[in-house]
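Contents: one structure, followed by commentary.
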Amino acid sequence: MRRMRVAVVDVGANTLRLLVAEADAGGGFVPIRVERRGSLSADKIERSAEAARKEVRRARKLGAVRLEIVVTSPWRNAENGRELVTALERATGLRVLPLSEEDEAELGFIGALARTKVDAEPVAVCDVGGGSAQVAVGTATAPSWLRSVPLGSLRLTERCLLSDPPTRLELATARTEAAAAFSELTPPLPAVGLATGGTARALRRYGLCKLNEDTLHTAIDELARLSVVARAKRAKVDLARARTLPAGAIILAELQRVLQVPLGVADGGVREGVCTRLLEAEAATA
C-alpha cells in the first residue's frame, strides 16, 4: 500500500517551493519531491498564482491526500499582499494560509527538528528568509520562545547592497543595519543552534558545515568580492540567490553573535514543519 502523502506549496519573498512527503514507519516523513520556482515580487502576482496552480496539480498527481498553501513574508510586508493571497486561492481553488511571524518561526523550528538530530537542549533555530528572519528556542518537542525581525536577505540587499559586487561602504552599511535590527533581541541562550532557509543551504553548498564567527565573516568577505554571476557559479546557486547571499550571510552572522553558539545547517524548515503537521492531522483522522 502507498504510504500517506501530504504536500505544501510555500510562497516566500524569494521563491515558490513545493514539498511532497510521505509518512515513514518511524513516525517521521520522507521527502518525495521538491520543486523550486524563481524569484517572486509584488508585480508577479499572477505569475506566482499560475506557478502555484501547476504545483498543486503536480502534488495531486503524486498522490497527496492533504495539501496546504502557505505564504510567508510577502503577504505581511507588501502593500498588496492580500492580492497575492486572493490570486493564489483563485488559481488553485484552495484556501491559502498566510503565516504570521510566530507561525513561521514555530513551523521552521518544528521542520528543522523533524529532519535534523541534535544532542543537547535547548535548541535555537534561525530562519533567514527574503523579507524577515525568525528565531525560535525550545526543546526538541516544541519551541518556548519565538521572535521575528522584519529584515531578510532580499530586503537588506535592496536597502544596502546595490553594486555588483558591493562596495566596502555598502557592506559596512549592511552590517550596521543588521546589527541595529537585532540589537534588542535577547533570546534564551541555547546549547545547540541550527540555521534553516535558502541562505543557510547555499552556504552549505559553498562549503560551510558550521556557521560560526570566523567562517561566516570569511564567507561574507569572499562572496562580496565576486560578481553575482561568479558568486552563483562558486556557491552553486541561481542568480537570484547569489544576489542576496552576502546579505543573508550578514544576517546569519548577526544571529550567531546574538545566540553565542555555532550554527549547524538544518535539513528541514517551514515546509517540513507544515508537512509534519499535515501528517499528524491525517494520522489522527485515519
When the range 162-180 is examined, which residues are found to be surrounded by fewer than 18 Cβ atoms within 10 Å (Cβ to Cβ) and among the hydrophobic types (A, V, I, L, M, F, W, C)?
Leu162, Leu169, Ala172, Ala179, Ala180
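Only one residue in Glu170, Glu213 is without any contact (Cβ under 8 Å) to a residue 12 or more places away in the chain and acidic (Asp, Glu). Which one? Don't jump to the end; show me each part of the working.
Numbers: Glu213 fails: without any contact (Cβ under 8 Å) to a residue 12 or more places away in the chain.
Of Glu170, Glu213, the one residue that is without any contact (Cβ under 8 Å) to a residue 12 or more places away in the chain and acidic (Asp, Glu) is Glu170.
Within the group Glu222, Glu282, Glu254, which residue is outside any loop (DSSP other than H, G, I, E, B) and closer than 19 Å to Gly131 by Cβ?
Answer to the selection: Glu254.
Given Leu208, Leu189, which one is in contact with a helix residue (DSSP H, G or I) (Cβ under 9 Å, 6 or more places away or on another chain) and in contact (Cβ under 8 Å) with a residue 60 or more places away in the chain?
Numbers: Leu208 fails: in contact (Cβ under 8 Å) with a residue 60 or more places away in the chain.
On inspection, the qualifying residue turns out to be Leu189.
Residues in the range 189-204 that are part of a loop (DSSP other than H, G, I, E, B) and open to solvent by less than 60 Å² (accessible area, probe 1.4 Å): how many? Outline the logic, then answer.
We begin by selecting, within the range 189-204, every residue part of a loop (DSSP other than H, G, I, E, B); these are 189-191, 197.
Filter once more, keeping what is open to solvent by less than 60 Å² (accessible area, probe 1.4 Å): 190-191, 197.
Of the residues in that region, 3 qualify.
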One residue is enough: does the range 235-251 have a residue meeting the conditions over 18 Å from the mean Cα position of the chain (by Cα) and open to solvent by 30 Å² or more (accessible area, probe 1.4 Å)?
no
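Looking at Gly273, Gly268, which is the one that is assigned to a loop (DSSP other than H, G, I, E, B), under 19 Å from the mean Cα position of the chain (by Cα) and within 29 Å of Leu97 (Cα to Cα)? Write out each step before concluding.
Numbers: Gly273 fails: assigned to a loop (DSSP other than H, G, I, E, B).
Answer to the check: Gly268.
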Pairs with Cβ under 6 Å, 6+ apart, first in the range 251-265 and among the small types (Gly, Ala, Ser), second assigned to a strand (DSSP E or B):
Gly264/Leu194
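Restricting to the range 215-234, and then to whatever is open to solvent by 20 Å² or more (accessible area, probe 1.4 Å) and charged (D, E, K, R), can you tell me which residue is farthest from Leu171 (Cα to Cα)? Break it down into steps so the answer makes sense when it comes.
Here is the first cut: in the range 215-234, the residues open to solvent by 20 Å² or more (accessible area, probe 1.4 Å) are 215, 217-218, 221-222, 225-230, 233-234.
Narrowing further to those that are charged (D, E, K, R): 221-222, 225, 233-234.
Working: Asp221: 9, Glu222: 12, Arg225: 11, Lys233: 21, Arg234: 20 Å.
Ranking the qualifying residues of the range 215-234, first place goes to Lys233.
Tell me, which strands (runs of 3 or more DSSP E) lie completely within the range 89-152 with 3 or more residues that are surrounded by fewer than 20 Cβ atoms within 10 Å (Cβ to Cβ)? Write out each step before concluding.
Details: elements: 96-98, 123-128, 133-138, 143-149.
In the range 89-152, the matching strands (runs of 3 or more DSSP E) lie at 143-149.
The values are calculated or read from the model by the stated rules, or taken from the named source; none is laboratory data. What you are looking at is a predicted structure, and each value in this text was computed from that prediction instead of being measured. So basically every Cβ, Gly included, is an ideal-geometry build from the backbone, and we count neighbours across all protein chains shown. Heavy atoms of the whole protein, side chains included, go into the accessibility calculation; ligands, DNA and RNA do not. Shrake-Rupley method; radii C 1.70, N 1.55, O 1.52, S 1.80 Å.
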